[in-house]
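Notes to accompany the following structure.
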Amino acid sequence: MKDILPDLFDLYPSYVNIADPIFQDFGGRTEFHGEVVTVYCFEDNSRVKELVQTPGHGKVMVVDGGGSKRRALLGDMLAEKAVQNGWEGLVIHGAVRDVATQSQLDLGIKALCAQPRPTERKGLGEVGKTLNFAGITIADGDHIYCDLNGVLVAKQPLALP
């Protein structure tokens, strides 16, 4: 394990934004980074389910669930599908479930909390929308870096220290 966020901030202070420290780590990988794919959804993980079934090599899904802690937007089956399709990780402004299983997967997962109640699937949500939460703005195609220190976002890829 490495502390990459402090070094990235020190190297690129005017090129990065740091999210408010509201996220917990749930995945088996605590450091991950990649190109951002954004999803907006509220208590409906239909779009998350669709995206984890697509190739995700070099990508991190950033999900804005409106900060809801009432329904989990990611469970073990979708997390396992994300691993199978090469996703680097997910950052979820909402809840997750099946956290014991997720902690064993080679996938970065940051979320607000654990919640055993599943999502509702109504086919709602929007992919590619610019998101605002945790004091930052994140757009599709941005680059995100995560470790135990938090979440950092840049408009372009950064050279890792």
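Gly128 falls short on exactly one of the conditions (1) under 19 Å from Glu35 (Cα atoms); (2) surrounded by 16 or more Cβ atoms within 10 Å (Cβ to Cβ); (3) small (Gly, Ala, Ser), and that condition is (2).
Just one residue in the set Arg47, Arg29 is in contact (Cβ under 8 Å) with a residue 40 or more places away in the chain, closer than 17 Å to Lys122 by Cα and of a type outside the set (A, V, I, L, M, F, W, C); that residue is Arg47.
Criterion applied to Thr119, Thr137 was being at pLDDT below 95 and in contact with a Leu (Cβ under 9 Å, 6 or more places away or on another chain), and the one residue passing it is Thr119. A single member of Met61, Met77 is in a helix (DSSP H, G or I) and either in contact with a helix residue (DSSP H, G or I) (Cβ under 8 Å, 6 or more places away or on another chain) or over 22 Å from Leu158 (Cα atoms) (or both), and it is Met77.
Given Leu148, Leu160, which one is under 19 Å from Ala19 (Cβ atoms) and at pLDDT below 95? Give the steps one after another, and end with the answer.
Working: Leu148 fails: at pLDDT below 95.
The match here is Leu160.
Annotation note: Cβ proximity below 6 Å between a residue of region 84-104 that is in contact (Cβ under 8 Å) with a residue 24 or more places away in the chain and closer than 20 Å to Gln53 by Cα and a residue that is assigned to a strand (DSSP E or B) and among the hydroxyl-bearing types (Ser, Thr, Tyr) (sequence gap 6+ or interchain) occurs for no pair.
Can you tell me which residue among Leu51, Leu5, Leu11 is over 14 Å from the mean Cα position of the chain (by Cα), surrounded by 16 or more Cβ atoms within 10 Å (Cβ to Cβ) and modelled with pLDDT of 95 or more? Answer to the selection: Leu5. Can we say Val16 is within 24 Å of Ala159 (Cβ to Cβ) and over 13 Å from the mean Cα position of the chain (by Cα)? Here the answer is yes, as Val16 does meet what is asked. Among the residues of this structure, Gly67 counts as one that is on the phi > 0 side of the Ramachandran plot, part of a loop (DSSP other than H, G, I, E, B) and in contact (Cβ under 8 Å) with a residue 12 or more places away in the chain.
The values are calculated or read from the model by the stated rules, or taken from the named source; none is laboratory data. Predicted model, so just to flag it, every value in this text is computed and none were measured. Cβ coordinates were reconstructed from backbone atoms using ideal geometry, including for glycine residues, and neighbour counts include every protein chain displayed.
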